[in-house]
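The values are calculated or read from the model by the stated rules, or taken from the named source; none is laboratory data. Computed from a predicted structure; not experimentally measured. Cβ: placed from backbone, ideal geometry, glycine included. Neighbour counts: every protein chain shown.
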Amino acid sequence: MDNGASSYRRFLDGDENALTEIVSQYRPGLQSYINSIVNNYAVAEDLTEDTFVKLLLKKPKDKGTATFKTWLYTIGRNMAIDYLRKNPCERYVPLDEIYDIAGVCETECSDDMQISVRNAMEHINYDYKNVLILFYFENFTIEEISKIIKKPKKGTSVLLHRARKAMKKQLEKEQFNYEN
């Protein structure tokens, strides 16, 4: 499966349709990830657009140190962090406006499970939520996540372990019953 790198190379070589392929393939996941950082869906939409505009106008070089998807998510993360630095008061908004967990697991999760997961995600640490989304919903590896969040691989593994424990604890607090 094309991970976007060949499409980006084609775009750099002048194929405008290649950028359309990249946007359609990566936009939903990137937007959800950025939303998990800024906690504002409208801002996440704008920052996702800005990420693709940056690709269009500046045409940054992919250094090849990571997969294209990892590189793209790193650009999006950096834009989200820059936004939060400039707008520190806009960090917290209601759960309904943040990462739509129900959309991600609508085919796999029961309604009760969706509600429990959404509530638990609202109450765990920001870094924990971030790493859980990248690992479980965006299917990044530990190594890829460590590049995106700019932490050592070992530290990322520890963060994921702690995030799982925090999520489990929060779900148990909400009296969530595990099926398995």
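Structural remarks
- Any hit, the stretch 91-110, residues being modelled with pLDDT of 85 or more, of a type in the set (A, V, I, L, M, F, W, C) and part of a helix (DSSP H, G or I): no
- Residue check, D15 modelled with pLDDT of 90 or more and among the acidic types (D, E): no
- Cβ separations smaller than 6 Å between residues 6+ apart or across chains give no pair from the stretch 125-152 residues that are in the same structural domain as W71 (by TED's automatic domain parsing) and basic (K, R) to residues that are surrounded by fewer than 16 Cβ atoms within 10 Å (Cβ to Cβ) and not in a helix (DSSP H, G or I).
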